[in-house]
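Working notes for the structure below.
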Amino acid sequence: MKIGNVEIKGYASLAPMAGVADMPFRILCKNFGAAYTVGEMVSAKGVSMNDKKSQELMRIDKREHPTAIQIFGNEPETMAQAARYALSFEPDIIDINMGCPAPKIIKNRSGSYLMKDPPLAGKIIKAVSESVSIPVTVKFRTGWDASSINCVEFAKIAEANGAAAITIHGRTKEQMYAPPVNIEMITQVKKAVKIPVIGNGDIFTPEEAKQMYEITGCDLVMVGRGSLGRPWLFSQINEFFEGGTYSPDPSPEERMKIMLSHAESICELKGMNLGMCEIRKHALWYTKGLRGSAKLRNEFSTVKTFDELKELSERVITMT
Ligand SMILES: Cc1cc2nc3c(=O)[nH]c(=O)nc-3n(C[C@H](O)[C@H](O)[C@H](O)COP(=O)(O)O)c2cc1C
């Protein structure tokens, strides 16, 4: 499929996830066959105030393409400026976050708050689309709550204001991450617009990815939590779509190897202290379900050095 002129090869994309989908994780998922990745959301206001952390979040490695920088905010001109600034990092696509339900984002009338104000959302999409020459996409939910489901209307507004594709997470803001995903609304959105539609929500297996395609007719699927501690899910999805079967999850030894190499890349990018802080949550995901690992949860969640992590991973292997 194509988003604007950007070719997306493969079957599943990596969802933007603040605190998770940083450059090392995106590269890892790409190496496992993710067709496309979207970075952690970046505050347009932060960018306009020259905030170094916001700027840092926009960094892209050349191995990542095709990839998008995601921005959030509620002022059309500030968003357009942030999109223009983002171009210096050479993304393939700019994605606009209109789906985040986090209280601090909603308080600033950004993220999924914009689903309550479709005219303003339209102005933002238009301003951003007109300010850059690369494709602009929008990610949103089914609506604010069960009594205000407006994703079909919202999708049409996005299309009319220049969006090259949309991603729909099949839940309302009120639902946060609680099941079930509203597949029917994703199907209706797909029928309502001509631009590509990316279906998102609750894909944890290759079979679930296939179902999302088959039921909704979407052009691409997006995987978030299913990839946590399981970046190989992308290669399993690709195998399943191409051959009808897929390899089992990697052995505990292989998983620990992947985790250590992931830890190395995070430490390389962010330094040992921050890197080890960040790998803790990944370590808990990588070891989830492995026999005996429950006993090591406390140690994984406080691990301080790479050598300690290595030693813990060896203990996991001997316990399984
Ligand atoms: C830890 C975490 C961080 C997230 N951060 C973002 C974000 O920065 N931008 C965004 O549009 N969605 C964000 N999301 C939502 C995901 O992109 C995705 O829409 C949601 O998790 C549903 O997909 P899933 O069921 O495959 O996880 C986040 C989700 C999680 C779990």
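The values are calculated or read from the model by the stated rules, or taken from the named source; none is laboratory data. Just so you know, these numbers come straight off a predicted model, no measurement behind them. Please note: Cβ atoms are built from the backbone with ideal geometry, for glycine as well, and neighbour counts cover all protein chains shown.
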Taking into account only those residues within the stretch 114-137 that are farther than 11 Å from Ala80 by Cα and either modelled with pLDDT under 95 or among the hydroxyl-bearing types (Ser, Thr, Tyr) (or both), which is surrounded by the most Cβ atoms within 10 Å (Cβ to Cβ)?
Thr137
Quick check on the stretch 75-84. Is at least one of its residues in contact with a Phe, Trp or Tyr (Cβ under 9 Å, 6 or more places away or on another chain) and within 17 Å of Ala18 (Cα to Cα)?
no
State which residue pairs qualify: first residue in the same structural domain as Val136 (by TED's automatic domain parsing) and farther than 15 Å from Phe140 by Cβ and inside the stretch 186-203, second residue of a type in the set (Asp, Glu) and near the ligand (Cβ under 10 Å from one of its atoms) in any location, beta carbons under 9 Å apart, and separation of 6 or more residues or different chains.
Asp202/Glu208
Every residue in the stretch 53-90 that is in contact with a helix residue (DSSP H, G or I) (Cβ under 8 Å, 6 or more places away or on another chain), of a type outside the set (Val, Ile, Thr), assigned to a helix (DSSP H, G or I) and more than 15 Å from the ligand (Cβ to nearest atom), please.
Gln55, Arg63, Glu64, Pro76, Glu77, Ala80, Gln81, Ala83, Arg84, Tyr85
Testing Asn238 on (1) closer than 30 Å to Val181 by Cα; (2) free of Cβ contacts under 8 Å to residues at least 60 places away in the same chain, one condition comes back false. Which one is that?
(2)
Out of Ile94, Ile105, sole residue that is within 22 Å of Ile3 (Cβ to Cβ), among the hydrophobic types (A, V, I, L, M, F, W, C) and within 14 Å of the ligand (Cβ to nearest atom)
Ile94
Failed condition for Ile279, given (1) without any contact (Cβ under 8 Å) to a residue 12 or more places away in the chain; (2) within 16 Å of the ligand (Cβ to nearest atom), with all others met?
(1)
